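The values are calculated or read from the model by the stated rules, or taken from the named source; none is laboratory data. All values derive from a computational prediction rather than experimental measurement. For neighbour counting, all protein chains shown are included, and Cβ atoms are generated from backbone atoms with ideal geometry for every residue, glycine included. Each accessible area value is taken on the protein alone, full model and side chains, heavy atoms only, with ligands, DNA and RNA left out. Shrake-Rupley method; radii C 1.70, N 1.55, O 1.52, S 1.80 Å.
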Amino acid sequence: LIARPAPYDKAPWMRLVSGDNAESDWDNVMLQLARWLNRYLGDPRLVIWIAQHGGKLHASWQILIEQELNRLADFERAGKTAELGNIRAQSPKAIPSALMRILWGLLLGGRVKGFDRSSELYGWKQRFDREDKLTTSLRLELRELLSPRIVLRPCREILGNDMESEPTQMRQLVNWQLELAANDVYSILPDLHNSERWESGLPLLLEDFQQLLRDALDLMRELGDADDKSDRSFWDLPSIIPHLQNRGYRKWVVLIEWLRDAWLALLVINRARATRIAQDWFELPYPTFKRLALFAASQPGCIAPQQWVDPLCQDS
C-alpha cells in the first residue's frame, strides 16, 4: 500500500524539462528528441527555453548533455579539427562557444532559476516560529533559499534573430538577472525584525550571509558584470545603512543588508571578532565588501582611522 505504481491519471508526465523533481522514464521518441536537441548546444535559445520551462533537466537529458560536452572537450584537447569540422557541417550550432559553456555550466549546476519558490520561504518562517531557537536544519535551509540564481531571458539579438557575429559579452547572448532561489524575501522582513530569536540568531548566520554574498558576486563576475573594482551594488543598494534610495528592486541585495545586521549583532556581543571580520572585508575583492568595511569603520571605536584611510588611498 505504501509503495505501488501510481494510477495513470496521477503519474508524472514524461518531460524533457520541469520545475520540480517528479520524473518518469522516457520512451524512445523522447530519447531521440533529446539527442536531436543536443545538436543545438551552441544556440542560446535552447538554454532560454529550458529556463522558461522550469529550469530542471530530466536526469537522462542531463547525462546526454554532459556526455556530449565531454566529447567535444576531448576533441578540442586532442586537436581533432576534422571531427569538429564534421560536427559543424552537420549542425552549425552543435559546438557551444566559451560564453555558451558558461551558461551550460550554470544550468547543469542548478544555478538557473526556474519556477516560483516564494511559498518555501513562508514555510521556513513558520518552522522558525515553531522552534525555540535557530537550529542547524533551519540555518542550512535558509542558506539554500537565499542562494543566488540566474534568471535568463532572450535579448534583442535573439528576439530579432539577427546575431550576425559571435557575441563577445554575455548580455549580447542572453538577458540575465541575478536573483535568489526564493522570492519575496522582503515580505518576511518586518516579522523577522520584530523577533528576538531572529536577532539573537543573526551572529550565527554571519558566515552564511558572507559566503552567499561572495557567491552572488562571483556569479556576476563569471557573467561579466563584476570584478575586483566594480560591481552592481552601487546601483542596486545605494546605501549600506537604511535609506530612502534603497528601493529593494533587486532582491539579491538583502544579502548585503542581512550581513550588515548580523555584523552589528556580533559587534554587541563580541567586539574583537566583529572588528577582525570588518578588517578582513578590506582584503576581499569587490567594492561591496569595501563598502561594508567602511560602514563598520563608522561605528565608534571599531577600526582605527589609519586602517580605513589606507584602502581609500589605494589606486589613487
Would you mind classifying the stretch 182-280 by shape? Square roots of the alpha carbon gyration tensor eigenvalues, ordered a ≥ b ≥ c; an a/c under 1.5 is rounded, otherwise it is prolate if a/b is larger than b/c and oblate if not.
oblate
1/(1 + (r/R0)^6) with r = Cβ-Cβ of ASP20 and GLN307, R0 = 45 Å, i.e. FRET efficiency to nearest 0.05, evaluates to 0.35
Looking at the square roots a ≥ b ≥ c of the eigenvalues of the Cα gyration tensor of the stretch 64-197, which shape do they give, rounded for a/c under 1.5, prolate if a/b is larger than b/c, or oblate?
prolate
Quick query: amide H of GLY55 versus all other amide H atoms, modeled in the peptide plane; which residues come in under 5 Å with a sequence gap of 5 or more or a different chain?
SER18
Most positive-pole-ward Cα, LEU69, ALA82, PRO5, against dipole of the stretch 1-122 from beta carbon charges:
ALA82
Estimated dipole of the chain in Debye, rounded to 20 [Cβ of Lys and Arg +1, of Asp and Glu -1, Cα centre]:
200
Just how much of TYR40 is accessible, in Å², when a 1.4 Å probe is used and the result is rounded to the nearest 10?
80
Summarise the long-distance tail of P(r) for the stretch 239-307 by giving the % of C-alpha pairs beyond 15 Å.
52
Its Cα gyration tensor gives the chain an equivalent ellipsoid whose semi-axes in whole Å, largest first, are 41, 28, 16
Please state, to two decimals, what the Cα-based radius of gyration of the stretch 5-105 comes to when divided by 2.2 N^0.38 Å (N = residues).
1.21
Hey, what do the phi angles of the stretch 232-240 turn into as Karplus ³J(HN,Hα) couplings, whole Hz, using 6.51/-1.76/1.60 and θ = phi - 60°, x for Gly and Pro?
8, 5, 4, 7, 7, 9, x, 10, 5
At what distance in nm do the modelled label points of GLU222 and GLN177 sit from each other, each positioned 7 Å from its Cα along Cα→Cβ?
2.1
Using alpha carbons only, how many degrees (0 to 90, rounded to 10) separate the axis of helix 81-90 from the longest principal axis of the chain?
70
Potential extension, GLN67-LEU31 segment - 0.36 nm per residue separation minus Cα distance:
11.5 nm
In nanometres, the difference between 0.36 nm per residue of separation and the alpha-carbon distance of ARG271 and GLN299 is 9.0 nm
Relative contact order (percent, whole number), the chain, Cα cutoff 8 Å, 6+ residue spacing
13
Could you work out what % of the accessible surface of the chain is carbon and sulfur, using a 1.4 angstrom probe and leaving DNA, RNA and ligands out of the count?
51
In the chain, taking the dipole from +1 charges on Lys and Arg beta carbons and -1 charges on Asp and Glu beta carbons about the Cα centre, the listed residue (SER233, PHE289, PRO167) farthest towards the positive end is PRO167
Using a 1.4 angstrom probe on the protein heavy atoms only, could you order ILE150, ILE269, ILE87 from most to least accessible area?
ILE269, ILE87, ILE150
Which one of PHE209, TRP124, PRO96 is farthest out on the positive end of the charge dipole of the chain, using unit charges on Cβ (Lys, Arg +1; Asp, Glu -1) and the Cα centre as origin?
PRO96
Virtual paramagnetic centre 7 Å along Cα→Cβ of LYS229, amide N under 13 Å, in the stretch 244-288:
286-287
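Pull out a ≥ b ≥ c, the square roots of the eigenvalues of the alpha-carbon gyration tensor of the stretch 119-203, then state rounded if a/c is under 1.5, prolate if not and a/b is larger than b/c, and oblate in the remaining case. Mind showing how you got there, number by number?
On the way: a/c = 4.03, a/b = 3.51, b/c = 1.15.
Taking the square roots of the gyration eigenvalues as a ≥ b ≥ c, the stretch 119-203 is prolate.
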Centroid-to-centroid separation of the stretch 186-218 and the stretch 56-131 [C-alpha atoms, Å]
30
Of LYS93/LYS251; LYS56/LYS251; LYS56/LYS93; LYS56/LYS133; LYS113/LYS251, which ones are farther than 25 Å apart at the Cα?
LYS93/LYS251; LYS56/LYS133
Just to check I understand the Karplus step: with θ = phi - 60° and J = 6.51 cos²θ - 1.76 cosθ + 1.60, what whole-Hz values come out for the stretch 138-145, glycine and proline as x?
5, 5, 5, 5, 5, 4, 5, 5
ARG149 long-range amide H proximity, modeled H, under 5 Å
GLU179, LEU180, ALA181
For the pair ARG45 and ASP74, what calculated FRET efficiency results from E = 1/(1 + (r/R0)^6), where r is the Cβ-Cβ distance and R0 = 25 Å, to the nearest 0.05?
0.45
